[in-house]
Amino acid sequence: MLKYVIRRILQLIPVFLSVMVIIFTILYFTPGDPARIALGQEVTQEAIDAFRAEQGLDDPYIVQLGRYLYKAIFQGDLGYSYVMKSSVSSELANRIPTTIKLAFWSVVFSTLVGIPMGVISAIKQYSLLDSFVTLITLLGVSMPTFWFGLLVILAFSVHLGWFPSMGFSTVSEMVLPILTLSGSSIAIIARITRSSMLEVIRSDYIRTARAKGQKERVVIFRHALPNAMIPIMTIIGMQFGMLLGGSIITEAIFSISGVGRLMLEAINMRDYPIIQGGVLFISIAFSLINLVVDILYAFVDPRIHVK
Amino acid sequence: MADKSATPLLDIRNLSVQFNTDSGVVHAVNNLNLSLQKGKALGFVGETGAGKTTTALAVLHLIQSPPGKITSGEILFDGQDILKMTESERQDIRGDKIAMIFQDPMTSLNPIMTVEEQIVEMISLHSDMKGETALKRAHDMLNLVGIRPERGKEFPHQFSGGMRQRVGIAIALACRPSLLIADEPTTALDVTIQAQVIDLIKSLQEKVNTSLLLITHDLGIVAEICDDVAIMYAGHLVEYSDIRQLYGHPMHPYTQGLFNAVPNLNSEPGGRLAVIQGLMPDPTDLPKGCSFSPRCPYAKEICHEKPCGMVEYAPNHFVDCYFPLGVKGGQNHE
Amino acid sequence: MAAKSNSLWKYTLIRLRRNYLAIFGFVVLLILIFVAIFAEQVAPFGYAEQDYMMIRKPPSEAHLLGTDEFGRDILSRLIFGSRVSLQVGLVAVSISLFAGGAIGAIAGYYGGRIDNILMRIMDVQLAIPTILLAIVISAALGPGLFNLMVAVGITSIPRFARLMRASVLSIKGMEFIEAARAMGASHTRIILMYILPNCMAPLIVQSTLSVANAILFAATLSFLGLGIQPPFPEWGGMLSAARPYLRNSAYMSIFPGLAIMITILALNFLGDGLRDALDPKQKR
């Protein structure tokens with residue numbers, strides 16, 4: 001088991017390296033002079049040239065790439081943002097906890113709402129309730145997050161005045177962003193729960209459980225659901241990763257200072273070091289989460305971990 | 001049927017089950033009459049699709065309710081009609097009085113529960129045994145079916161098909177049910193294992209004093225362990241008798257066809273295999289008269305017009321046919 | 001083999017027809033396509049027509065869905081916006097389909113090293129969450145309709161590559177391929193004439209769903225200020241512009257979002273319906 005985990009982690013390393021190379025390359029070939037971006041419009045050409053020489057911006061692509069990789073991997077130095085006047089690492093470190101909180105609580109909320117929806121829908125298949133849940137999940141999957149956010153603000157902030165529409169420090173501020181970000185996740189989790197449960201309920205071993213004279217409630221919750229959870233777990237884990245990436249929009253709408261919003265500002269300001277660092281962090285987090293989910297999967301399903 | 005003086009343990013009367021599917025209404029079981037005496041073993045024989053499993057599931061009232069539906073009949077267990085009971089009463093009966101062994105051991109056990117947990121569940125549902133006592137009893141059952149109790153902590157996927165079926169038997173017999181329904185318990189197993197499992201079922205049946213309803217398409221197995229035989233075709237019985245009579249003098253053309261179809265080791269090499277011409281009728285479109293008449297080599301006009309119904313042509317030998325084989329007054333001879 | 005595929009289509013159509021949601025989706029799509037093509041005829045106003053007398057007026061007889069902050073008719077902008085959305089959807093998915101399909105087919109067919117390398121590259125791309133990648137690529141390429149299509153198109157390549165690869169692998173093992181090889185057919189011929197036709201089903205389903213996704217991404221990118229620039233009408237961009245007026249002119253935020261949602265819903269219905277129709281083993 002441990003060998004498997006280590007092997008998977010090692011397999012991720014070339015992936016991370018490749019991500020760094022790709023992002024660096026994309027940004028390298030983007031039009032725009034890093035020197036001008038850093039120093040602004042009002043400086044002299046000499047200042048620009050001096051800056052370029054100092055930062056090695058005139059060196060060939062390979063050299064610059066190598067320099068970036070070396071500093072990042074061996075010195076933990078992700079670069080310095082002239083736009084924000086601080087190191088990339090510190091800017092990221094400031095925002096990461098917020099984004100993780102947002103994504104984490106959204107996943108928790110989505111799971112707590114989505115799974116029961118899916119279970120009920122599966123148990124009462126073809127009923128009005130089932131159709132209702134199916135409709136909601138279809139809407140949830142088709143509704144753009146940014147629109148949902150605006151509607152949520154409209155309803156709960158503007159008209160009802162229950163919650164603020166900006167920030168993320170107090171519990172009250174956290175409610176709407178979490179609700180917004182959870183929107184599509186709830187739908188996805190409910191759908192996969194429903195289909196997984198439907199499949200499991202038709203299994204022979206469920207029939208065996210009933211033939212034992214087991215009460216239906218126990219059959220559903222102690223036999224069907226645990227078996228259905230196995231694929232559901234994978235989806236939930238994936239959702240966590242996707243929400244990390246998708247938090248960008250929610251952070252933009254609710255003015256939350258997380259990694260996502262940082263990325264948006266960086267893109268607008270052409271702050272390459274921040275963009276590189278941000279994408280790298282999110283990609284690493286995403287991949288690690290998927291890895292954790294895979295391992296958890298192996299733990300939970302005895303068919304995999306017990307030989 | 002059979003011994004009219006004693007109340008049969010299981011008495012199915014006029015049972016009809018249908019399924020609503022996209023291609024029409026499937027008449028799986030049609031006016032089935034069947035009874036089983038206490039302590040006896042009844043072989044319930046028919047081809048795949050004849051409706052045997054559906055009948056068994058109906059007894060336990062485990063038919064999926066859409067799309068299936070029990071449209072008529074009574075199922076009397078120990079005198080009480082299962083169809084009229086509350087769900088809670090049925091849950092008490094399931095496992096405790098009537099237990100079932102299913103056909104496919106690879107999928108009938110919960111993959112994420114240990115084997116002993118699954119037996120313990122049966123035990124704690126129908127008795128006051130909990131914890132250690134229940135576990136001990138579960139281990140006793142494992143011993144009974146020939147599995148070392150230490151293996152109880154393992155999961156189903158760690159057992160072979162035959163072993164899993166034994167676990168299924170252990171679960172089914174854990175509460176000493178009065179009736180054991182075995183639905184093709186050996187069909188999914190290798191031939192060598194089949195014999196073991198059948199012997200196991202037979203010896204346990206005697207030891208635990210359970211009545212047995214054995215569903216199968218294999219006439220050989222029935223001959224080994226059953227007292228009586230019922231032949232099913234297209235959702236209803238066509239012949240019923242005890243082993244001796246039925247195997248000695250099969251009367252229904254279908255039954256005869258089944259016996260003929262069993263290859264004979266002593267026959268000439270190069271000879272043709274005997275088959276029953278035609279196919280089972282489409283269950284959404286059953287024939288007007290006798291359901292076997294389209295395939296029956298001896299069918300007369302009346303056979304196509306009106307179904308016959310079970311007639312007792314010999315003591316304790318019932319046949320659903322106007323012209324059973326070997327019966328005077330019928331036009332056919334053996 | 002040709003006769004078999006004919007009956008497959010017919011059977012699929014019959015099953016599809018029974019699915020009311022899918023029909024709804026298909027009809028909505030047709031309406032959208034019609035409106036997009038004939039926007040100039042259908043829309044009551046031009047998308048850039050400004051009327052300073054009618055700034056931010058709620059829905060009325062003259063302007064069925066109201067006007068925006070420049071006095072432009074929202075209904076007309078939505079209609080022209082459908083053209084943009086559909087264009088992006090179709091072009092982006094075409095890019096994903098052809099590029100991804102080619103990669104997947106080559107990887108699946110040739111196997112070995114090539115397969116390894118190509119799939120590793122796909123894995124790298126998949127390590128970056130798609131919306132993030134779309135944002136970065138879009139920012140790098142700059143604003144504009146074409147760049148938007150490319151950015152969105154690139155993000156879906158791995159999905160199509162994997163799908164194609166899986167289909168190819170399953171077909172490759174079948175015996176009629178061996179027979180073709182024995183007859184001396186070239187690799188290209190085998191891929192084009194034997195393998196591809198049999199991979200169509202999942203690709204069609206995925207394409208439909210990807211168009212929905214592409215439209216969503218395009219709206220998102222425009223909402224964030226990347227992609228299409230004003231005054232060109234794009235549903236996401238319209239939502240972004242409506243944000244400051246959420247309190248007083250809520251309708252400005254509602255209608256473009258509704259347009260996006262209905263379009264995506266229709267495409268999802270259609271895609272799900274196609275999936276159910278093409279795979280008889282799927283249970284609802």
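Every read-out reported here was derived from the displayed coordinates using simple, explicitly stated rules and does not represent laboratory data. Model, not experiment: these values are computed from the prediction. Counting neighbours? That spans all protein chains shown, and the Cβs are built from the backbone with ideal geometry, glycine included.
For the range C:131-172, the residues whose backbone nitrogen is under 20 Å from a point 7 Å from the Cα of A:GLN11, taken along Cα to Cβ, are C:158-167, C:169-170.
Summarising the label geometry, the points placed 7 Å from Cα in the beta-carbon direction at A:VAL306 and A:VAL21 lie 4.4 nm from one another. In terms of distances greater than 25 angstrom between alpha carbons, the cross-link table entries A:LYS212/B:LYS69; A:LYS124/A:LYS215; B:LYS130/B:LYS153; B:LYS38/B:LYS136; B:LYS38/B:LYS202; B:LYS84/B:LYS207 yield B:LYS38/B:LYS136; B:LYS84/B:LYS207.
Normalising by residue count, chain C has a Cα convex hull of 153 Å³ per residue.
Give the whole-number value, in cubic angstrom per residue, of the convex hull volume spanned by the C-alpha atoms of the range C:96-193. Don't skip to the end; give the middle numbers.
Numbers: hull volume 9.5 nm³, N = 98.
Cα convex hull per residue, to the nearest whole number: 97 Å³.
Per the Debye formula on identical point scatterers at the alpha carbon atoms of the range B:213-327, with no solvent, log10 I(q)/I(0) at q = 0.10, 0.24 Å⁻¹ is -0.31, -1.47. For chain B, modelled as a GNM whose springs connect Cα atoms under 10 angstrom apart, the maximal fluctuation among B:SER241, B:SER35, B:SER203 occurs at B:SER203. Between B:THR48 and B:LYS130, residue separation times 0.36 nm minus the direct Cα-Cα distance comes to 25.5 nm. Using a cut-off of under 20 Å, list every residue of the range C:117-139 whose amide N is near the label point 7 Å from the Cα of A:ILE100 along the Cα-to-beta-carbon line. Hits in the range C:117-139 for A:ILE100 at 20 Å: C:128-129.
Rounded to the nearest 0.05, what FRET efficiency do A:ILE37 and A:SER255 have when you use their Cβ-Cβ distance and R0 = 25 Å? Intermediate results must be reported in sequence, preceding the final value.
Working: r = 24 Å, r/R0 = 0.96.
Calculated value: 0.55.
Would any residue of the range C:13-29 have its amide N under 17 Å from a label point 7 Å out along Cα→Cβ of A:LEU135? List them or say none. Of the residues in the range C:13-29, C:20-25 have backbone N under 17 Å from the label point off A:LEU135. Let's test the formula: R0 of 60 Å, r as the Cβ-Cβ distance of B:THR192 and A:ILE73. What FRET efficiency results, to the nearest 0.05? Between B:THR192 and A:ILE73 the formula returns 0.45. Let me test this: with uniform point scatterers at the alpha carbons of the protein assembly as shown, what is the Debye-based log₁₀ I(q)/I(0) at q = 0.08 1/Å? Result of the Debye calculation: -0.92. Close amide H pairs (under 5 Å, H built 1.01 Å from N) link B:VAL311 with B:VAL319, B:ASP320, B:CYS321, residues at least 5 positions away or on another chain.
For the pair B:LEU83 and B:ASN209 in one chain, pulling the backbone fully straight at 0.36 nm per residue adds 42.8 nm over the alpha carbon distance.
Shape index of the range B:149-286: Rg/Rh, with Rg the Cα radius of gyration and Rh the Kirkwood radius from the inverse mean 1/r over Cα pairs, equals 1.03. Taking 7 Å steps out from each Cα toward its Cβ at A:TYR4 and B:THR21 produces label points 3.9 nm apart.
The Cα atoms of the range A:1-153 cover 74, 48, 27 Å along the three principal axes, with the biggest extent listed first.
For the residues of B:114-123, the average number of beta carbons from a partner chain within 10 Å of their own beta carbon is 2.
With R₀ fixed at 30 Å, the C-beta to C-beta distance from C:ILE114 to C:SER170 puts the FRET efficiency at about 0.95.
Pairs of Cα atoms in the range A:108-202 fall into 5 Å distance bins, from 0 up to the last occupied one, in shares of 3, 15, 20, 20, 16, 12, 8, 4, 2, 0 percent.
Per residue of B:295-306, other chain Cβ atoms within 10 Å of the residue Cβ number 0 on average. Protection proxy ranking of C:75-88, B:265-278, A:129-142, A:6-19, by the mean of other Cβ atoms within 10 Å over each peptide's residues and highest first, is C:75-88, A:129-142, A:6-19, B:265-278.
The per residue volume of the convex hull around the alpha-carbon atoms of the range C:5-115 is 172 Å³. Give me log10 I(q)/I(0) at q = 0.08 Å⁻¹ for chain B, Debye formula, one equal scatterer per alpha-carbon, no solvent. Log-scaled intensity ratios, in q order: -0.40. The label point for A:LEU128 and the one for A:THR44, both projected 7 Å from the Cα toward the Cβ, are 8.1 nm apart.
With charges set only on the Cβ (+1 for Lys and Arg, -1 for Asp and Glu), what does the dipole of the range C:140-284 come to about its Cα centre, in debye to the nearest 20?
On the way: 12 positive and 6 negative charges, 53 e Å.
Dipole size: approximately 260 debye.
Under the combined filter of DSSP loop state and at most 14 neighbouring Cβ atoms within 10 Å, the range B:111-201 retains these trypsin sites (Lys or Arg not before Pro): B:LYS130.
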